[in-house]
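Right, one structure below, let's go through it.
All of the numbers you see were taken from the coordinates with simple rules; none came from a lab. In this text the structure is predicted, and so the values were computed from the model without any measurement. Positions of Cβ are backbone-derived with ideal geometry, glycine not excepted, and every protein chain shown enters the neighbour counts.
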Amino acid sequence: MRILVTGAAGFIGAHVCEKLLARGDTVVGLDALDLAPGDVALRRSRLARLSGARGFTFLPGDVTDAARLREAFTVARPEGVVHLAARVGVRAPDAEAPAYADTNVTGFVRVLEGCREAKVAHLVYASSSSVYGATTPAPFREDAPVDQPLNLYGATKRANELMAHAYSHLHRLPTSGLRFFTVYGPWGRPDMAPLLFLRALSRGEPLVLHGDGRMRRDFTFVDDVAEAVVRVLDRPPEGSPPQRLLNVGHGEPVVLGDFVALLERHWGARARVTSVPAQAAEMASTWADTSRLEQATGFRPRVSVDEGVRRLVAWYRAWVDANAGR
Ligand code: NAD
């Protein structure tokens, strides 16, 4: 298949590209690269691993740039689109709110328009567990009410789901929104807890636990997430309208303090833990019901948190060694 992947230099995007290329798909990756905030060197390293692969083309570009996006659709002539580009993180500074709306809302509409014009067979896009609210009964099911997001990021992701529904209804565009739950693993995001914790642990610096360590997260290993994306991509929804929402989570919430204990065991040192209260933007607990994903694809994320942390730590050790002094 010919696939356009936005956010291809990102954590999940690079893993998805790798999986698509490994099975022989032709992939055009688009990413704002150094125009987006975050660790540009890490993005470049992820891209470097993909760039030798047969069938991969990279285009630097912003999803809000209509001309550039049109070019990407022209180059890719995609049958499927995986849209992962976004401003990420639930603790966005207020000053960045308009930038979140630009990329996550305006950018998404441009992607929808590109899919409509190109008559794409299936758009798979990243939503988030952040669409659920503080009062959602656990485990979270896709049909739970989602009208009380705790942060702007979650609100933009919910907006994406509603916009996708409208395009599926009006233009018969098949869309699947994937609500990812705390993804972790090799080549992960330096702004998220697993890598923040590991960095503190490896340097002997204080490891800051929000919510006094009692918060729970449904940590989901990135290989499982990439596999879920590809399986969903291969199976466009057929209903009317042709759209669906699927949780992509591991299905077993882990207390943050226990996650840190696993990191300590695999890293081989004790952390110097300090605690701060949870922020208003943070959920106390996330927990995915994954039965809808399993029904749709026959797949359930399966890498245990112990095994996932082992693989994360192995990658991190090699990464730190290779980037000593960085
Ligand atoms: P990431 O930050 O590693 O990847 C996002 C990529 O998008 C980056 O490479 C960035 O350069 C690119 N990007 C940002 N703005 C852009 C723009 N305007 N135009 C083009 N590219 C742009 O994040 P990730 O963890 O890989 O997340 C991928 C998707 O999954 C995002 O949509 C995110 O909201 C969603 N998600 C992730 C998680 C998680 O735990 N990682 C959880 C829920 C949802």
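Check region 250-257 and report whether any residue there is under 30 Å from Val120 (Cα atoms), touching a residue at least 12 places away in the same chain (Cβ under 8 Å) and surrounded by 18 or more Cβ atoms within 10 Å (Cβ to Cβ).
Of region 250-257, the ones under 30 Å from Val120 (Cα atoms) are 250.
Checking which are touching a residue at least 12 places away in the same chain (Cβ under 8 Å) leaves us with 250.
This time we only want the ones that are surrounded by 18 or more Cβ atoms within 10 Å (Cβ to Cβ), so: 250.
Yes, region 250-257 contains a residue that is under 30 Å from Val120 (Cα atoms), touching a residue at least 12 places away in the same chain (Cβ under 8 Å) and surrounded by 18 or more Cβ atoms within 10 Å (Cβ to Cβ).
Give the residues of region 16-32 that are more than 8 Å from the ligand (Cβ to nearest atom) and in contact with a strand residue (DSSP E or B) (Cβ under 9 Å, 6 or more places away or on another chain), sorted by residue number. Even if it seems obvious, please write down each step before you answer.
Start the filter on region 16-32 by keeping residues that are more than 8 Å from the ligand (Cβ to nearest atom), which leaves 16-29.
If the condition is that a residue be more than 8 Å from the ligand (Cβ to nearest atom) and in contact with a strand residue (DSSP E or B) (Cβ under 9 Å, 6 or more places away or on another chain), then Val16, Cys17, Leu20, Leu21, Asp25, Thr26, Val27, Val28, Gly29 are the ones that fit.
Does Thr57 qualify as being of a type in the set (S, T, N, Q) and either under 21 Å from Gly24 (Cβ atoms) or touching a Cys at 6+ places or on another chain (Cβ under 6 Å) (or both)?
Judged against the criteria, Thr57 is a match.
Before we move on, is Val27 among the β-branched types (Val, Ile, Thr), within 20 Å of Phe221 (Cα to Cα) and part of a strand (DSSP E or B)?
no
Checking Leu35 against (1) within 8 Å of the ligand (Cβ to nearest atom); (2) farther than 20 Å from Leu123 by Cβ; (3) crowded, with 18+ Cβ neighbours inside 10 Å, which single condition isn't satisfied?
Tallying (1) within 8 Å of the ligand (Cβ to nearest atom); (2) farther than 20 Å from Leu123 by Cβ; (3) crowded, with 18+ Cβ neighbours inside 10 Å, Leu35 fails exactly one: (3).
Yes or no: region 209-219 includes at least one residue that is surrounded by 19 or more Cβ atoms within 10 Å (Cβ to Cβ), closer than 19 Å to Glu294 by Cβ and either within 12 Å of the ligand (Cβ to nearest atom) or without any contact (Cβ under 8 Å) to a residue 24 or more places away in the chain (or both).
Yes, region 209-219 has at least one match.
Residues Val309, Val303, Val313: which one is under 18 Å from Leu262 (Cα atoms), outside any helix (DSSP H, G or I), touching a residue at least 24 places away in the same chain (Cβ under 8 Å) and not hydroxyl-bearing (Ser, Thr, Tyr)?
Val303 is the lone residue from the list that is under 18 Å from Leu262 (Cα atoms), outside any helix (DSSP H, G or I), touching a residue at least 24 places away in the same chain (Cβ under 8 Å) and not hydroxyl-bearing (Ser, Thr, Tyr).
Going through region 45-64 one residue at a time, which ones are surrounded by 14 or more Cβ atoms within 10 Å (Cβ to Cβ) and among the basic types (Lys, Arg)?
Arg46
I'd like the residue in region 60-82 that is assigned to a strand (DSSP E or B) and within 21 Å of Val230 (Cα to Cα) and, out of all such residues, is farthest from the ligand (Cβ to nearest atom).
Gly80
Quick one: Cys115 ticks every box in (1) in contact with a helix residue (DSSP H, G or I) (Cβ under 8 Å, 6 or more places away or on another chain); (2) in a loop (DSSP other than H, G, I, E, B) bar one, so which box is it?
Going through (1) in contact with a helix residue (DSSP H, G or I) (Cβ under 8 Å, 6 or more places away or on another chain); (2) in a loop (DSSP other than H, G, I, E, B) one by one, Cys115 breaks only (2).
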